[in-house]
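Visitor: After the structure tokens below, expect a handful of questions from me.
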Amino acid sequence: MTVWDRSPLPLLLRLLLLLLLLLPSMREVRAQVENRVIFLPGTFQNVSVSQNETVQAVVSRIPPEVAFITLQFHTQHRNVTLSYARLPGLGLSVTAVDSGLLSTLEPGVTSLSLFLSTLDSDTVAGTGVILPFSGADPVPGACNIEFNLDIDPNVYVHYNLYETTIRFAPANQGYERGDTPPPCDESTEPATRWRLQYDIYQYFLPENDLLESSLFRGIQAMADTQGMMENGKRVLTLLSTDMSMAVFNSIPGQGVIYSVVVRDPLLNTSASYVPVHTYACSFASTLDGCETLGKISTKVFFTITGLAGLFVCFFGHRFFKCELFCMGFSFSAFFFFVLITRTTDLTYDLRLALSAVIGVVGGVLLVMSWWRFGSVMICVVVVGLMLGFLIASTVLFTPLGDIDVFRNSDVVFWVTFCCFLVIVPLFFVRWPREGNIITCGVVGAYAVILAVNAYMYTSLSYITLNILKRLQNNNFSAMFTDVPFQTIDYIMITVWVVLGVSGVVLQLYRERSRPFFPPSPYLMWLQERERRRTNVLDPSHHFAPLPNRLLARARQLTKRMEPAGEHTPLLL
């Protein structure tokens, strides 16, 4: 053995070489550990997923009495893929902002792994939770024949300007580990899955709140069956013989969480589907997205409407012609906006502009009809229809409007609406001045609320917007029109009441000693002309006719005046 072999240098080189060879594998092991997230049943876990990265969601120490579990993962507006395998495949994964997978457990299994990934270029942050269920609980989505997964516990949401639709796959009866799943459609006996019932819950997020943290708090409140029953509002119960879908009113910019609880009334057990949320708008759109709701044209239109409403609220009866113009404008613009929308494919801005032009024409015609004919009663009836429309819309905006008889029959709904619409003007026949002043206060104050809604969302705008949607959409009757009532809405109700009462009281006090209505200008002109013709003591009676006076004035301009010839003062 040489001195070189005895030196420690070759040993160090060998160790260094071995370390270099092991470094990639160590780095790989470290990466897998860093991308591994441990989930505890019933506990929410915040997870961030990057592009080209797969996060392994691990569930361990599963009790033997648990027959199946669901993993649900939620983001605000970016898709995440949740899959059974590391490489997502058709029928083995689901991609959505609210995604969930259900895993049935075999005997002896105490842990399992699911995988999260995303194709988004930015890191996607979300929150997830594992929910365990026993063999007696129904299995959500186990009788799926519509969607890709064999067992699909997800709720799918679709929305447009008018409606938001949710769909889900039917559930099956529960079964223990190792048992064969019960058949879905062999029989409709009470002992089969046809006895199951589905409760649909709705939960409104805070108004005007697009924060991710608010959404995650709402998701945590609605994740399981107990949370839905305590925090959500049950709006509908479906039987297994019904279609597994529900339709709701779209509220752009308002966050809503929908979820479904399947119940087994025989065993008194239940299980929850994966909650889904929507804002009825797009976060990705740079035009009319969730961050840029409210067109400039809408803001301009309703700002002018609010100012006019404020004027009518306090001075409408005193300035009767201005009030008639505003009422005629509102009536004509609303009617023709519905007509144009149903019969044409024009853009929103163009429809709004045409409606405004036609509204001006309608306002002028109403004023001219009063100016020419002097019939106050006809004008007051039109004004009464405006108040009747608002009262009918308000009554059907309440939970009364969601009664099945109104949702299932357009005839019943519109007959009831027209009854309120027609009854109100009948009171104007007996008390025309008081009715006109009340209309000015109530309708004018509501116009102010609509102007506020153009800048700050308030549910009170849906009092009339629901009627507008129902007129434009033939299928709107099938949907639920619930809207959230939160702090801003109670403030707006207070503003509406204060403005309306103040305007009515002020006008009644100011007009108490005045004539009920101002006289028609045309009739006054006719009376004045007749008086001048018949009253010889009136100096105006001796005026020459207008053509003669104009001709005389023209002659004075062209004819030189001759001097009188007198140059000295007259002697007294």
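Visitor: Between Arg514 and Ser409, what is the label-to-label distance in nm when each label sits 7 Å out along the Cα-to-Cβ direction?
Guide: So the label points at Arg514 and Ser409 sit 4.7 nm apart.
Visitor: In addition: Provide the FRET efficiency to the nearest 0.05 for the Glu528-Thr394 pair, computing r from the beta carbons and using R0 = 56 Å.
Guide: 0.80
Visitor: Could you work out the local net charge near Val338, counting Lys and Arg as +1, Asp and Glu as -1, over the other residues with Cβ closer than 12 Å to its Cβ?
Guide: +4
Visitor: Quick check for you: with a 1.4 Å probe and neighbouring chains kept, what is the accessible area per residue of segment 327-457, in Å²?
Guide: I get 48 Å² per residue for this part.
Visitor: Need one number: nm distance between label points at Tyr490 and Met245, each 7 Å from Cα along Cα→Cβ, rounded to one decimal.
Guide: In this crude spin-label approximation the distance works out to 3.8 nm.
Visitor: On full extension of the chain, what length is gained from Ala191 through Thr95, given 0.36 nm per residue of separation minus the C-alpha to C-alpha distance?
Guide: 31.1 nm
Visitor: If you don't mind, there's one more thing I want to ask. Report the gain in length on full extension from Leu426 to Leu307: 0.36 nm times residue separation, minus Cα-Cα distance, nm rounded to one decimal.
Guide: The span from Leu426 to Leu307 would gain 39.9 nm if fully extended.
Visitor: Given the options Pro399, Gly388, Tyr457, identify the residue whose Cα lies farthest towards the positive end of the charge dipole of segment 360-465 (+1 on Cβ of Lys, Arg; -1 on Cβ of Asp, Glu).
Guide: In segment 360-465, that residue is Gly388.
Visitor: If I stretch the segment between Val361 and Thr344 completely, what's the gain in nm (0.36 nm per residue apart, minus their alpha carbon distance), one decimal?
Guide: 4.1 nm
Visitor: Within segment 225-361, what whole-number % of the accessible surface is contributed by carbon and sulfur, with the 1.4 Å probe and all protein chains included in the calculation?
Guide: Carbon and sulfur: 67 percent of the exposed surface of segment 225-361.
Visitor: If I model a spin label at Ser213 and Ser502 as a point 7 Å from the Cα along the Cα→Cβ vector, what separation in nanometres do I get?
Guide: Spacing of the two 7 Å Cα→Cβ label points: 3.6 nm.
Visitor: Apply the Karplus parameterisation 6.51 cos²θ - 1.76 cosθ + 1.60, with θ equal to phi minus 60°, to every residue of segment 323-332 and state each ³J(HN,Hα) to the nearest whole Hz, in sequence, with x for glycine and proline.
Guide: The phi angles translate into 5, 4, 4, 5, 5, x, 4, 4, 4, 5 Hz.
Visitor: Between Arg234 and Leu119, what's the calculated FRET efficiency when r is the beta-carbon distance and R0 is 35 Å? Round to 0.05. If you can, show how the numbers build up before the last one.
Guide: Working: r = 37 Å, r/R0 = 1.04.
Between Arg234 and Leu119 the formula returns 0.45.
The values are calculated or read from the model by the stated rules, or taken from the named source; none is laboratory data. Predicted model only: the values in this text are computed from it and were never measured. When we count neighbours, we look across all protein chains shown, and the Cβ atoms used for this are built from the backbone with ideal geometry, even at glycine. Each accessible area value is taken on the protein alone, full model and side chains, heavy atoms only, with ligands, DNA and RNA left out. Shrake-Rupley method; radii C 1.70, N 1.55, O 1.52, S 1.80 Å.
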